[in-house]
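Accompanying notes for the structure given below.
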Amino acid sequence: MDSGSRTLLLSPHCPASMASPKPKLKRPCCSSSPSPDPIPNPRVSNFTSNSNIDSILESLLALSDSTTSSALSLDLSFDRLLDSRASDSDKSDLIDRALRFGSVLLEAAKRSSRKRDSMHNAVVWALPPDLTIKVFSLLDTQSVCFAAATCSFFRKCSVDPTCYANIDLTSVIPKVNNAVVSTMIQRAGRSLQSLKLGLVPGPIAWTGCSQGLVYSIRNSTDASGISWNDKRSRQGKESSVLSRSCLALLSANGGGPGALLRSLHLYNIERMDNIALCGALSACPSLRDLEIIGLHVELRQTLESVSIFCPLIERLFFESSKTGRDDSLKLPTCSDLVNNCPNLSSLALRGFKLHDYKARTLVKGFRKLKYVDLSTSYSISGAFLKNLGGSAGGNLLEVLILRDCVHLKEVEVARFLSAVLAGDFKHIKHLDISNREGLASEGDWYRRCCSTSFIPVEQLLSERPELCIVAEFPAEGSYIEVEQMIGSGVLSDDISSPSLPSSHTSDRFINISESSYSSDQGSGNEDNQVASFEIYEESSDELDFVSG
């Protein structure tokens with residue numbers, strides 16, 4: 001190797017290439033310097049803390065096995081803890097902590113109980129949610145609310161809009177306000193199909209029943225059991241809490257909730273007026289069934305709204321809140337209603353000052369009309385029935401109720417029955433000509449006819465056995481004051497209104513000449529007739545009621 005050369009050749013076999021390797025790191029022994037403390041695991045610490053709490057709670061609950069001894073032991077133990085505190089503030093703090101702990105434990109027990117009940121109902125209840133919703137949709141509104149309060153499973157099912165498609169919030173006493181109605185309508189949304197609101201002082205007047213449902217304090221059927229003298233001083237505590245805005249939500253958001261509404265029944269909502277009702281009807285283009293009883297609204301404006309906004313109407317039931325006072329209906333309104341609502345098959349206009357030519361326009365114009373109720377109409381004499389049986393409007397008539405029409409004449413009823421025997425009114429099955437003052441005579445209006453001798457009973461039974469005629473008149477000469485009748489309960493109890501004849505009674509001819517009907521001697525003129533219905537003039541202020 002050249003001495004001047006600085007190159008060093010390393011060979012693996014050369015001793016110079018045997019370089020010592022790096023020493024490996026050794027594991028520190030126990031005697032080495034201590035390492036930093038490890039970071040505690042929060043899960044482990046929480047588990048340990050929860051385990052301690054569980055053990056403490058289990059020990060506390062174990063004391064409840066023997067009620068008497070545990071209560072005494074807790075009392076003594078708590079007294080000792082209080083005595084061990086030096087200051088009053090420490091003692092007060094201990095008592096507050098004990099109260100908070102007891103409250104927290106009580107709420108935890110209640111929550112767990114509700115959770116277990118809900119899980120139990122969900123497991124035991126055999127129906128799945130979709131079928132449960134279907135069942136709830138068949139219940140009335142109050143039952144759905146009761147079911148929703150039982151458990152969370154039912155509550156989740158009850159929020160479905162179909163459960164509130166048919167809302168019935170009618171009651172005998174005031175217990176529903178505008179907020180409740182709005183909540184129910186919001187839950188239903190566009191699924192709303194029928195809505196019933198207001199105070200019903202008795203059974204709802206189904207088709208064929210002629211009993212008045214106009215609400216008054218004197219004939220209210222509340223559960224308080226107070227006398228009439230007490231009720232006179234309690235005016236304002238008997239009225240509905242619903243106001244004119246209870247139907248406002250039907251026209252909200254472009255009329256969404258009312259768009260598919262098919263049935264609307266309103267009873268004795270004192271604060272309802274023409275504007276509010278017409279606004280609600282304008283949002284219900286699909287309405288088929290409208291029933292209005294005891295509202296302070298005009299007949300003319302209501303029928304105009306129905307004619308404009310509800311062309312699909314099939315049943316119209318309207319009972320005046322002031323019998324014999326409303327003379328607002330005009331002939332053009334009748335014609336518009338006939339032309340715009342051709343599907344009407346059931347018409348009831350009760351308690352209005354309706355003349356014969358208006359009644360004839362309505363009955364003759366509707367080609368599908370089967371049911372007519374003009375009870376307590378003040379001006380009707382029955383002349384509108386002339387030559388009506390062969391026309392398209394009266395040919396399908398099945399039910400005709402002219403109960404307590406003051407001006408109804410005996411000769412017009414006899415002429416109608418002769419037309420029936422002659423073959424007109426082929427579908428008529430039910431006729432009610434009852435009158436608590438008797439029928440008016442042809443020559444002298446003040447002379448009342450209380451006999452049924454003008455009715456050809458045998459001939460009708462022979463030729464029209466399916467026809468049921470109700471003819472209830474007062475006994476000849478038995479006239480008493482109307483106020484005495486009201487006080488004795490004759491009007492409300494004895495004068496029961498018949499319903500439609502059933503299949504097994506339709507072949508009977510009802511002839512009641514001796515009934516409990518009586519009359520005011522001066523009822524042969526309009527003023528006295530109005531006075532005899534003074535009961536409907538009762539009104540009262542709205543009651544501030546908060547529903548429970």
- [ ] Within segment 393-417, work out how many residues are out of contact with any Phe, Trp or Tyr (no Cβ under 9 Å at 6 or more places or on another chain) and at pLDDT below 80.
- [x] 0
TODO: Those residues that are surrounded by 13 or more Cβ atoms within 10 Å (Cβ to Cβ) and either in contact with a Pro (Cβ under 9 Å, 6 or more places away or on another chain) or under 20 Å from residue 111 (Cα atoms) (or both), I need them from segment 122-145; list them, please.
DONE: 122
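Might you check whether a residue that is out of contact with any helix residue (DSSP H, G or I) (no Cβ under 8 Å at 6 or more places or on another chain), under 25 Å from residue 200 (Cβ atoms) and not acidic (Asp, Glu) occurs anywhere in segment 324-332?
First, pick out the residues of segment 324-332 that are out of contact with any helix residue (DSSP H, G or I) (no Cβ under 8 Å at 6 or more places or on another chain): 327, 332.
Next, from what is left, pick out any that are under 25 Å from residue 200 (Cβ atoms): none.
The answer is no, given that none of the residues of segment 324-332 is out of contact with any helix residue (DSSP H, G or I) (no Cβ under 8 Å at 6 or more places or on another chain), under 25 Å from residue 200 (Cβ atoms) and not acidic (Asp, Glu).
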Open item on the list: Just to check your reading of the model, which residue among 370, 330, 353 is closer than 19 Å to residue 464 by Cβ and within 35 Å of the chain's Cα centre (by Cα)?
Closed with: 370
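Can you give me the ranges of the helices (runs of 4 or more DSSP H) entirely in segment 128-189 with at least 3 residues that are touching a strand residue (DSSP E or B) at 6+ places or on another chain (Cβ under 9 Å) and at pLDDT 90 or above?
Details: elements: 129-137, 141-148, 152-158, 178-188.
Correct list: 178-188.
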TODO: Select, from 183, 170, 150, 162, the only residue that is closer than 24 Å to residue 292 by Cβ and free of Cβ contacts under 8 Å to residues at least 60 places away in the same chain.
DONE: 183
Task: Scope segment 143-176; condition under 24 Å from residue 261 (Cα atoms) and among the aromatic types (Phe, Trp, Tyr); matching residues - done: 164
- [ ] Taking residue 113 as the residue in question, decide whether it is of a type outside the set (A, V, I, L, M), in contact with a strand residue (DSSP E or B) (Cβ under 9 Å, 6 or more places away or on another chain) and surrounded by 10 or more Cβ atoms within 10 Å (Cβ to Cβ).
- [x] no
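Inspect all residues belonging to segment 480-491 and state whether any of them is closer than 30 Å to residue 395 by Cα, at pLDDT below 75 and open to solvent by less than 60 Å² (accessible area, probe 1.4 Å).
Keep residues of segment 480-491 that are closer than 30 Å to residue 395 by Cα, which gives none.
No, segment 480-491 contains no residue that is closer than 30 Å to residue 395 by Cα, at pLDDT below 75 and open to solvent by less than 60 Å² (accessible area, probe 1.4 Å).
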Task: Failed criterion for residue 287 (all others in (1) over 21 Å from the mean Cα position of the chain (by Cα); (2) not in a helix (DSSP H, G or I) hold) - done: (1)
- [ ] Taking residue 266 as the residue in question, decide whether it is in contact (Cβ under 8 Å) with a residue 12 or more places away in the chain, closer than 23 Å to residue 399 by Cα, in contact with a strand residue (DSSP E or B) (Cβ under 6 Å, 6 or more places away or on another chain) and not in a loop (DSSP other than H, G, I, E, B).
- [x] no
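The values are calculated or read from the model by the stated rules, or taken from the named source; none is laboratory data. Only a predicted model underlies this, so the values are computations on that prediction, with no experimental measurement involved. Note: ideal-geometry Cβ built from the backbone for every residue, glycine included; neighbour counts use all protein chains shown. Heads up: the accessible areas ignore ligands, DNA and RNA and are worked out on the full protein's heavy atoms, side chains in. Shrake-Rupley method; radii C 1.70, N 1.55, O 1.52, S 1.80 Å.
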